[in-house]
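The structure under discussion appears below in the form of structure tokens.
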Amino acid sequence: MTFIIPFFSGFLAAIVGIFPPGLINMTAAKVSVTDGRRRALVFVFGALIVIFIQTYISVLFAQYINKNIEIVILLREIGLAIFTLLSLYFLFFAKEPKPILNKNKIQLKSKRSRFFMGMLISAINFFPIPYYVLVSITLASYNFFTFNNLSIYSLVTGVVIGSFSVFYCYVVFFEKLKTKTDYFIKNMNSIIGIITGIVAIITLINVLDYYY
């Protein structure tokens with residue numbers, strides 16, 4: 001169980017975090033269309049190396065933060081405010097995103113090394129670090145994760161495999177996913193608003209549980 005739960009938690013967290021159309025997965029799809037699946041997978045492997053490093057660093061940060069309950073509570077309170085504001089924004093104020101069916105919107109200038117391109121694009125994406133810090137701390141608070149080497153590497157491995165699964169779907173099934181992608185983007189504000197609202201409620205319960 002020490003291995004299985006962190007692994008599948010990381011796997012699911014990666015799918016939730018990466019499945020929405022973003023710079024990495026859409027670029028992987030673009031490389032697949034223009035250069036073929038082999039180069040697209042080379043691009044993906046470059047991105048995965050950086051994701052592995054980012055996730056591992058995130059867990060180390062989370063391990064330090066988790067030792068200081070005051071910091072954990074402070075982060076939960078900040079997160080409560082952020083998620084509440086995000087829910088209100090996406091549900092009531094955000095403009096409807098535009099579809100991204102136009103293949104020319106992602107420009108690929110260099111064809112020399114898709115591997116290093118994958119590393120570069122993944123490196124400029126800082127979202128995974130705070131995301132997996134939050135995931136690690138949340139799992140640890142419910143005793144689904146402990147900060148030992150086996151659990152850490154299980155979680156990180158799950159994240160990498162989950163990320164690869166999503167990237168592979170974009171590379172192989174992009175043409176079929178385009179209509180689903182447009183539907184998702186059209187309703188993205190509502191989906192994100194609902195998700196952040198649920199997270200805000202859970203966070204509120206945790207904060208109230210600490211004080212009362």
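Karplus-based coupling profile of the stretch 25-38, in residue order and whole Hz: 5, 6, 5, 4, 5, 5, 4, 4, 5, 8, 10, x, 5, 4, with θ = phi - 60° in 6.51 cos²θ - 1.76 cosθ + 1.60 and x standing for Gly or Pro. Across the stretch 1-50, the volume of the C-alpha convex hull divided among the residues equals 82 Å³ per residue.
Taken together, the values in this text are just the output of simple stated rules run on the coordinates, not laboratory data. What you see is a predicted model, and the numbers here were worked out from it, not measured in a lab.
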